[in-house]
1. Name the one entry in 21, 4 that is surrounded by fewer than 17 Cβ atoms within 10 Å (Cβ to Cβ), farther than 23 Å from residue 85 by Cα, without any contact (Cβ under 8 Å) to a residue 60 or more places away in the chain and not assigned by TED's automatic domain parsing to the domain that holds residue 84.
2. When you look at residue 11, is it surrounded by fewer than 16 Cβ atoms within 10 Å (Cβ to Cβ), more than 12 Å from the chain's Cα centre (by Cα) and modelled with pLDDT under 95, yes or no?
3. Please find, within region 71-99, the residue that is modelled with the lowest pLDDT out of those that are more than 19 Å from the chain's Cα centre (by Cα) and surrounded by fewer than 11 Cβ atoms within 10 Å (Cβ to Cβ).
4. So which of 50, 31 ends up being buried (at least 18 other Cβ atoms within 10 Å of the Cβ) and more than 13 Å from the chain's Cα centre (by Cα)?
5. For region 100-116, does any single residue satisfy the condition of being within 17 Å of residue 2 (Cα to Cα) and at pLDDT below 95?
């Protein structure tokens, strides 16, 4: 799976500089991160709706769209797939499975990241 995501990510990065009138990916980069985030949210909602309806095929198609939109956001934010894979590995080492962090832990971790980020104010 990581090979597929890495290929998708490489394709997104390569498309970044193309003509936005002929490249949907280049158009997303031109439109900015707010548009990218909106598209990711729309696709995630569609996956959720398809899952609730137990529409397996549609959920597969929409899941691929979610991964594409996520790759676009990663590229815009300077995040490589390996950065995400490393976090999944870290969680697996800490928790024994690669699960989502408990809410309190993720909030505390986000605060630590914001405090340490240059040009960012601490969240209180």
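The values are calculated or read from the model by the stated rules, or taken from the named source; none is laboratory data. Please read these numbers as outputs of a predicted model, since none were measured by experiment. Backbone-built Cβ (ideal geometry, glycine too); neighbour counts: all protein chains shown.
1. 21
2. Against the criterion (surrounded by fewer than 16 Cβ atoms within 10 Å (Cβ to Cβ), more than 12 Å from the chain's Cα centre (by Cα) and modelled with pLDDT under 95), residue 11 does not qualify.
3. Among residues in region 71-99 that are more than 19 Å from the chain's Cα centre (by Cα) and surrounded by fewer than 11 Cβ atoms within 10 Å (Cβ to Cβ), the one modelled with the lowest pLDDT is 97.
4. Working: 31 fails: buried (at least 18 other Cβ atoms within 10 Å of the Cβ).
Testing whether each residue is buried (at least 18 other Cβ atoms within 10 Å of the Cβ) and more than 13 Å from the chain's Cα centre (by Cα) leaves just 50.
5. no
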